[in-house]
């Protein structure tokens, strides 16, 4: 009897182990993708040589990095750019979230929808388009301003505005970060309990006093979360610093790390590793702080669940003025940049719009890019990379979400924290870390360096934070009873996920997949670091075309990419809505 019981216990043990084999493998792959490259980066920061021929252990890389005064200038530039851009993004986002959720501004639903449109503009194209608008010599806006001031006898040969400056970088970064911050803040405004604001007004406080003494303090947790998320996003930005900062000789950490490996002769891999390791430590500290802030949000909950209805503030005669301010933002983020790209793509060289130039408009740049064989191969590469990165990211995100939600333990908290870490790490750091990893034994035998596979892995690491958060939020709303019932009837973990969990989470899964795929289509930093000469994607080809002095072809490529992203995003949103509707019926 004892032997039978022991055999049964052993059998149940191995059945349980087999049940969790797949999620264990998924978690191991996720942790390995994130931790192995970063650990290799730290180790290599203490070595001489190159990734292909590493030398002895040394502190020389850190000595060279931090004995150079330029390093501290770059560190200050990075911090100031992130702080000032965050302040601008959060300020604009709060303003628009308040207008759309708590006021009677006209066309509020239209404004809400238009806030999402700037996401279709890749950062590289956003920076390029504003060089057409605010270049100090021939930028469209500067030419118009010089003509206007000339009417009053004030003659200028260049300017008066200069996008190639630190303030220009802050301006562009700030505008680029508004949409994501808006999406965070708009939910907080919608969820506030209006009774506290009503009590303030009854006591005689003005609308302005109520806003600054009641409403905004209640938004403190959401404000801190949005600010920190925005700060981490601006901290890792490469597109604007490389397009705007390079001509102005203004470096931040991501752009400087890129140049140490791509433009220095010989490449300074040890220096880039030392700088990247420093950035990694900063990122870990930011993630820990962010998680603590998010963990305290429950103390500020103000929704009672009874009689809740947000109060709409009347703007009176200012209603259309505020809507006009919103239209100016929309013009600055998507209208003017898109029109400038379209105009530049139709001219031999970028010039200020005028009726005299209509005779020169043609599709020569479009014909030129379609005749280039590298464009065709880059398009195919981009599609494969987007499909691969989106699928791998969301599959691993689903496994991570299941582990975090269903296996509540210290281990699940660790996995949750590690999966969010890549959000605070610049793409160039992820790229250089992967280079160090795949060029060392035993992975060097796989010959991954320069392939599309390593680009897919890099994008997966970068977007796992978003994917895991998306699936965690969706899975948290799904009760575990259905899973338990299926397991009781003998279903394996794979069957439960395939037939129960995934179908119920399909709208969130498809939505996350579309988000990752669209961002992979336009991602710049990771393909720039990892793609080989024969495996380039469209974003890298656009940068090379711009860097080689062909702004017309760059603009033409940009217009086509924006159109493709727009169609992909609209089609994806339609698909998500269709799936959600089918589930409801």
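Derivation of every value follows stated rules applied to the coordinates shown; laboratory data play no part. None of the values given here were measured: they were computed from a predicted structure. Backbone-built Cβ (ideal geometry, glycine too); neighbour counts: all protein chains shown.
In a fully extended conformation the segment linking residue 249 and residue 320 would gain 21.4 nm over its present Cα-Cα distance, using 0.36 nm per residue.
For the pair residue 58 and residue 409, what calculated FRET efficiency results from E = 1/(1 + (r/R0)^6), where r is the Cβ-Cβ distance and R0 = 35 Å, to the nearest 0.05?
Working from the Cβ atoms, E equals 0.30.
Highest mean first, the peptides 561-569, 424-432 sorted by other C-beta atoms within 10 Å per residue fall in the order 424-432, 561-569.
Using a 10 Å cut-off around each Cβ, can you sort 384, 402, 154, 543 from fewest to most neighbouring Cβ atoms?
154, 384, 543, 402
Neighbour counts of other Cβ atoms within 10 Å put 320, 290 in the fewest-to-most order 320, 290.
Compared with the direct C-alpha span, the chain from residue 577 to residue 356 gains 74.9 nm at full extension, assuming 0.36 nm per residue. Look at [x] 1.05; [y] 1.26; [z] 1.44: the one that is Cα Rg over 2.2 N^0.38 Å derived from this structure is [x].
Give, in nm to one decimal, the length gained when the segment between residue 183 and residue 327 is fully stretched (0.36 nm per residue of separation minus the Cα-Cα distance). Walk me through the intermediate numbers first.
Working: separation 144, 0.36 × 144 = 51.84 nm, distance 1.79 nm.
Roughly 50.0 nm would be gained on extension.
Using the rule -39500 (n - 2.57) for each DSSP H run of four or more residues, divided by the residues of the chain, the 222 nm mean residue ellipticity is -22000 deg cm²/dmol. What the Cβ-Cβ distance of residue 485 and residue 417 gives, at R0 = 41 Å and to the nearest 0.05, is a FRET efficiency of 0.85. Across the chain, Cα pairs under 8 Å and at least six residues apart give a relative contact order of 21 percent. Paramagnetic label reach from residue 167 (point 7 Å along Cα→Cβ; backbone nitrogen cut-off under 19 Å): within region 218-259, residues 241, 244-251.
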